[in-house]
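Written out below as structure tokens is the structure these notes cover.
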Amino acid sequence: MQRILFALLTAAALFAGSAQGAVVRGTDNRALVGNDLTDPENDGNANAYANYNAVFRSSIEPYFGSEGAFNVFDNRVGGGDDKWCCDMNGWVEADFGSQRYQLTSFTVASGNDAPGRDSDIWQILGSNDGIQYTPIFSYNHDGVSPWGEYRYQVIEYTAGVDFALPAAYSIFRYQTFSVVDGNQHQLAELELFGRAPRAEVPEPGSLALLGLGLLAVFGLRRMRD
């Protein structure tokens with residue numbers, strides 16, 4: 001049933017990413033980009049909910065430390081309290097409230113445990129109400145994760161290369177549907193990068209029409225005077 005649901009979600013996605021353009025940044029904390037949307041100042045408390053610019057939620061283990069889901073936002077790649085583990089299939093998300101962003105890139109990092117715990121079917125989704133979610137990026141390689149055998153590996157995905165630049169959203173969710181082997185899931189880190197949507201600039205023709213309309217209004221007023 002989960003795989004059927006995933007297929008339906010993927011069909012609605014803007015682009016089903018194949019990870020072919022993904023960039024492997026390295027295999028430790030230094031490989032992280034840093035200063036992402038959840039912690040632009042890079043001063044978030046790795047062990048507590050402090051100094052973050054988003055509200056975090058998860059389907060399971062909603063806390064920092066003790067391998068909780070919020071560890072994916074702690075700016076650390078590692079085992080233990082530096083990763084999320086080990087229930088099967090769930091989601092974790094960052095909510096930016098009234099501020100919306102277009103996701104321009106993101107990183108995901110593998111944990112320290114057996115590669116079988118890495119997700120082989122997962123998505124990044126966006127929402128503006130916490131009810132309706134739209135797939136932004138989809139990874140679907142049954143039995144093969146993007147990290148392979150590499151532990152602590154940081155992989156970066158970029159809009160325009162690995163997925164289409166999406167609409168602006170205030171909530172971004174990582175959701176896993178399956179792992180390579182077994183029934184336990186792990187993820188070390190998730191970084192989200194984006195930009196506020198650009199204001200629409202009127203076309204030159206529209207500006208010209210607006211100008212003519214204003215001149216006509218002023219002309220009528222003068223005639224009436």
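May I ask you to rank ASP81, ASP36, ASP28 by accessible area, largest first, using a 1.4 Å probe over the protein chains only?
ASP81, ASP28, ASP36
Distance between Cα centroids, segment 101-154 to segment 20-56: provide it in whole Å.
Using only Cα atoms, the two centres lie 15 Å from each other.
Can you give the charge dipole size of segment 21-170 about its Cα centre, rounded to the nearest 20 debye, using +1 on the beta carbon of Lys and Arg and -1 on the beta carbon of Asp and Glu?
Charge dipole, segment 21-170, about its Cα centre: 220 debye, nearest 20.
Say each of ALA114 and TYR63 gets a label point 7 Å from the Cα, pointing the same way as Cα to Cβ; how far apart are those two points in nm?
It is 2.7 nm.
How much accessible area per residue does segment 62-138 have, counting only protein heavy atoms and a probe of 1.4 Å, in square angstrom? Intermediate results must be reported in sequence, preceding the final value.
Numbers: 2320 Å² over 77 residues.
Accessible area per residue: 30 Å².
Expressed in nm to one decimal, what extension gain is obtained for the pair LEU165 and ASP129 from 0.36 nm per residue of sequence separation less their Cα-Cα distance?
Between LEU165 and ASP129, full extension yields an extra 11.0 nm.
The values are calculated or read from the model by the stated rules, or taken from the named source; none is laboratory data. Not measured: the values here are computed from a predicted model. Cβ: placed from backbone, ideal geometry, glycine included. Neighbour counts: every protein chain shown. Ligands, DNA and RNA are excluded from the accessible area calculation, which covers all protein heavy atoms including side chains. Shrake-Rupley method; radii C 1.70, N 1.55, O 1.52, S 1.80 Å.
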